[in-house]
1. Using alpha-carbon positions, what is the distance between the centroids of the stretch 86-134 and the stretch 203-232, in Å?
2. Just add up the charged neighbours of E107: K/R +1, D/E -1, any other residue whose Cβ is under 12 Å from the Cβ of E107.
3. At q = 0.14, 0.20 Å⁻¹, what log₁₀ I(q)/I(0) does a Debye calculation on the Cα points of the stretch 124-232 give, no solvent, two decimals?
4. Just to confirm a number: summing +1 for Lys and Arg and -1 for Asp and Glu over residues other than M164 whose beta-carbon lies under 13 angstrom from that of M164, what do you get?
5. Let a ≥ b ≥ c be the square roots of the eigenvalues of the Cα gyration tensor of the stretch 89-161; is it rounded (a/c under 1.5), or, if not, prolate (a/b larger than b/c) or oblate?
6. Give the lysines reachable from K42 as a straight Cα distance under 30 Å; neighbours fewer than 8 places away on the same chain don't count.
7. Let me have the relative contact order for the stretch 89-161, percent, based on Cα pairs under 8 Å that are six or more residues apart.
8. Net charge near D230, counting Lys/Arg +1 and Asp/Glu -1 over other residues with Cβ under 10 Å of its Cβ?
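Coordinate-derived values only; no laboratory data. Since the structure is predicted, the reported quantities are computational estimates derived from the model, not experimental observations. So basically every Cβ, Gly included, is an ideal-geometry build from the backbone, and we count neighbours across all protein chains shown.
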Amino acid sequence: MNQQKPAGAKVQISKNGPYIVSGDVPLSKEIIGANEDGESVKWERKQEYPPQGRYALCRCGRSANKPFCDGSHTKTGFDGTETASRQPYLDQAKVIRGPTMSLTDVESLCAFARFCDPHGGVWDLVSATDNPPASKHFARQACDCPSGRLVAWDNQTGKPIEPMYAPSICLVEDPAKECSGPLWLRGGVQLVGSDGFEYEVRNRVTLCRCGASQNKPFCDGTHVSIRFSDKN
């Protein structure tokens, strides 16, 4: 699952402080689009931020200048201790094998975006991947998972099925749950811990920006229960 590092694209986690982004990584806002039944079915681009070579993104959830850091973490006593597993994704993953495709799942990475739910759910669809419509839904729903909790695999080639992303960061908005979601790192941006540890480079990961995740630096879906908003 290790992806080749793009030159210079990096997110450095500062101790009990913001995410320091460097390497000209573009920043945008994406909305989770829902159907009439409230199911997550598509990503919708909402906003692109002006290019910056280097910038600091709020990690505590208290900035008055979201998504950027304004130093509020120093006033609120924010504890940003990283508690997530540092094992490679595949070492943590549960494998569910289907007839033509398989699914790997690391539940602790779930950011509650809910793209896995339609059409009976990816866990049921994987067993029907010899059926073309089910196979199409399965691959798309796994690929739309922003956190990379879910990855679809081609059984014949043994390779993951991944969307093509350039190095970028998106701010997730979730109108169906009336909240703002995590930071969505895409395209193999290197994430570095506050102690210098280099996390596995992946195509999709989501980072907590409400400050309340119990799986820092990754999102665990807590933003939904606390109705986190990036509106200042």
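1. 22
2. Values: positive: K94, R149; negative: D105, D220.
Once positives and negatives cancel, what remains is 0.
3. -0.67, -1.09
4. Details: positive: R186, R204; negative: E162.
Overall, the nearby charge balance is +1.
5. Numbers: a/c = 1.89, a/b = 1.19, b/c = 1.59.
Taking the square roots of the gyration eigenvalues as a ≥ b ≥ c, the stretch 89-161 is oblate.
6. K5, K10, K29, K66, K94, K136, K159, K177, K216, K231
7. Working: 119 pairs, mean separation 25.7, N = 73.
The value is 35 percent.
8. Values: positive: K29, K66, R209, K231; negative: E173.
For residues surrounding D230, the net value is +3.
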